[in-house]
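The values are calculated or read from the model by the stated rules, or taken from the named source; none is laboratory data. Note that the structure is a prediction, hence the values are computed from the model and not measured. Don't worry about glycine lacking a Cβ; one is built from the backbone with ideal geometry, like all the others, and counts go over all protein chains shown. SASA here: full protein model, heavy atoms, side chains in, ligands and nucleic acids out. Shrake-Rupley method; radii C 1.70, N 1.55, O 1.52, S 1.80 Å.
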Amino acid sequence: MNSLSLAVRDSSTMLRRNLLHARRYPSMTLNLLLTPVMLLLLFAYVFGGVMSQGIGDGGTDRSAYLAYLVPGIALLTVGGTTIGSAVSVAIDMNEGIIARFRTMAIHRGSVLIGHVVGSVLQCVASVVLVGAVAVAIGFRSTGATPVEWLLALGLVALVSLALTWIAVGMGLSSPNAEAASNNALPLMVLPLISSAFVPVHAMPGWFQPIAEYQPFTPAIETLRGLLLGTEIGDKGWAAVAWCLGLAALGYLWSTSLFNRDQK
Amino acid sequence: MASSVMPTSKTAPPPAVSAVGLRKSYGGKTVLDGIDLRVPAGSVFALLGPNGAGKTTAVKILSTLVAADGGQAQVAGHNVATSPDGVRAAIGVTGQFSAVDGLITGEENMLLMADLHHLPKREGRRVAAELLELFDLVEAAGKPAQSYSGGMKRRLDIAMTLVGNPRILFLDEPTTGLDPRSRHTMWQIIRRLVADGTTVFLTTQYLDEADELADRIAVLNDGRIAAEGSAQELKRLVPGGHVRLRFSDPSAYGKATAFWPDATRDDEALALRIPSDGSQRALRTVLDRLDSAGVEADELAVHTPDLDDVFFALTGPGVPRHATGIQPPTTHTDQTAEDAR
């Protein structure tokens, strides 16, 4: 068996293992969905009236703010789900079975790849579920073409991939689940200080660079453009560059952590 | 220089495991200080030592989990440092801490192993079912492994290791924490595997376990092999068997000492240690002499040498290295000291 088919075969075995975990213990995945759904409802129904004045089209139309909000909530869902990945990697690394995998003639990276692919699938599924809630409370993306829909889905998957590799590194570098959950918190905090809830230009001047130059803002703006037809501009390329950069960084970081000598 | 560890004949097959001058330290603390090992294919080898002697580290190096700082090792003909995947394809490892996936069922654990060994679906199912049967886990097969008892987890652990049909099996303290019944079951399992031609490398801190199972035993103490040989050879290392007579009457003690001038005297306890093999004949001689002298001992105890004596003699605190002088392994200080730098 050549090394590529070995990698594919072992990684899909590991993926099946992780999906089995997720299916057997769905409570963690579902708990992670609570935060984005709660934020969606809170901002749409409670803060929406006030917040909508900041989005720039002057009106206080709740459905306009809901449309503005949903792309940000979608990527916040991805961030939250990857915190779960960091935690489950940290838990898994403390399991004796990982040492067993290391003594077997299997593809070295398959353990991590299984986690990453599983997590990306979980992220996409979570975004679909949160999206369904959004549609149920009135979100519509009728202007988007099927190609834009596919691109939107692809963007969600790409962001998931990038954030998951970072989250896996965070999980590997954490001694236990609690530490992993703390270390991975930026994945949830970053979307809160992005353009998810209010446009960057509505923020205080000193804060605008923080919101502007971070991965979530260009990704959210791109998703917004794809779903709602707003201007994307160079944000699309910025989003893709951020994602590829983070994915590569996370991959190198994670594999070097995984391959370091075990005590 | 490896050949000086143990005499070998020219026709001997290549050893399943061999190591020369293995060294490892963690954060400045030396855990393995140049050990040599040689395990013939098809035999059972026990690495015996107290906690912290370096047993687990030795297993981790030989099973490619950690890299040695110095020395080299070959397992199944492959160098552990340069050809780890060759080693991994030939070995099965059951570590000290259970290596099962607690979140999925016993059967799912077995099928996971079958998939990772690239067995065809049908074949994998067959092997899994057979091993679950063999290890008496059929009833528990559908339950999550984290609900298993310690003994069941250990059995599942070894069953998973056997899915790949390994030629060489590493068992790190396979019976630690098991109740006596599970321990004996584990011993039976190991004997059955050996009968099928598997080479077994086990570590243990139990002397009776090494005595029961192993063809050869190496006593590891403080990162060095203190002695190596069969159980019989090791028992010969320590002055062992004796009959201990204790008296309460000093005059009876005095009379008895005259009869056994070669005995070791303990004047304070009024006790004599008479060298003896503990056989019926030897005991009768002692009793007959006591009768003919007309003295009566208050207490008579027979002590036969066992691995405990060897163990305590070799691993006690303050024991100088290679104190026994019998079959000391060659030291590699010259070579490995350079490696360390």
Estimated inter-spin distance, residue B:215 and residue A:27, nm [label 7 Å along Cα→Cβ]:
5.2
How well do other chains shield peptide B:77-86, expressed as the mean number of their Cβ atoms within 10 Å of each residue Cβ?
1
Stick to the Cα atoms of the protein assembly as shown, pair each with every other, and give me the Kirkwood hydrodynamic radius in Å at one decimal.
28.7
Could you please put A:149, A:206 in sequence from largest to smallest accessible area, using a 1.4 Å probe?
A:206, A:149
Listed peptides A:215-226, B:162-173, A:244-255 by packing density, highest first (mean Cβ within 10 Å):
A:215-226, B:162-173, A:244-255
Average accessible area per residue (Å²) across the range B:242-303 - probe 1.4 Å, nucleic acids and ligands excluded
63
Specify the angular offset, from 0 to 90 degrees and rounded to the nearest 10, of the alpha carbon long axis of helix B:280-293 from the longest principal axis of the alpha carbons in chain B.
20
Neighbouring partner chain Cβ atoms per residue of B:92-98, average, 10 Å criterion
4
What whole-number value in Å² describes the accessible area per residue of the range A:30-173 for a 1.4 Å probe?
37
Where does chain B land at 222 nm, in deg cm²/dmol rounded to the nearest 500, when only DSSP H runs of n ≥ 4 count, each adding -39500 (n - 2.57), divided by all residues?
-10500 deg cm²/dmol
How high is the FRET efficiency between residue B:41 and residue B:133 when r is their beta carbon distance and R₀ equals 41 Å, given to the nearest 0.05?
0.90
Quickly rank A:2-8, B:40-46 as a protection proxy: mean count of other C-beta atoms within 10 Å, highest first.
B:40-46, A:2-8
Kindly rank A:72-80, A:171-179, A:130-138 from highest to lowest mean number of other beta carbons found within 10 Å of each residue.
A:72-80, A:171-179, A:130-138
Sticking to Cα atoms, compute the Rg of the range A:3-259 to one decimal and its Dmax as the biggest Cα-Cα distance, whole number, in Å.
18.8, 63
Just the number, please: buried accessible area between A and B, total of both chains, 1.4 angstrom probe, nearest 100 square angstrom.
2500
Inverse of mean 1/r across different Cα pairs in chain B, Kirkwood, Å
22.6
Nearest 10 degrees, 0 to 90: helix B:180-195 Cα axis against chain B principal axis
70
Taking the Cβ of residue A:215 as the center, what net charge do the other residues with Cβ under 13 Å away carry, scoring Lys and Arg +1 and Asp and Glu -1?
-1
For chain B, the longest principal axis of the Cα atoms and the Cα long axis of helix B:106-116 enclose an angle in degrees, to the nearest 10, of 70
Tell me, what % of the accessible area of the range A:3-259 is carbon and sulfur with a 1.4 angstrom probe?
70
Using 10 Å bins from zero, what percent of all Cα-Cα pairs in the range B:208-296 falls into each bin?
15, 35, 21, 20, 10, 0
Please compare each pair in B:121/B:143; B:29/B:60; B:60/B:235 to a cut-off of 26 Å on the Cα-Cα distance and tell me which ones are over it.
B:60/B:235
Please report the antiparallel percentage of the DSSP beta bridges confined to the protein assembly as shown, to the nearest 5.
65
Peptide-level mean, for B:105-117, of C-beta atoms on other protein chains within 10 Å:
4
Between the modelled labels at residue A:210 and residue B:299 (7 Å from Cα along Cα→Cβ) the distance in nm is 7.8
Per-residue HN-Hα couplings for the range B:209-222 [Karplus 6.51, -1.76, 1.60; θ = phi - 60°; Hz; x = Gly/Pro]:
5, 4, 4, 5, 9, 8, 6, 9, 10, 10, 8, 9, 9, 6
Counting only complete DSSP H runs, which helices of chain A cover 30 Å or more along their long axis at the Cα atoms and score a mean Kyte-Doolittle of 0.0 or above?
A:62-93, A:110-136, A:146-172, A:235-259
Whole-percent carbon and sulfur share, accessible surface of chain B, 1.4 Å:
50
For the range A:113-263, the Cα-Cα pair-distance distribution in 10 Å bins from 0, as whole percents, is 11, 35, 35, 16, 3, 0
Find out how many positive minus negative residues lie around residue B:218, taking Lys and Arg as positive, Asp and Glu as negative, among other residues whose Cβ is under 11 Å from that of residue B:218.
+2
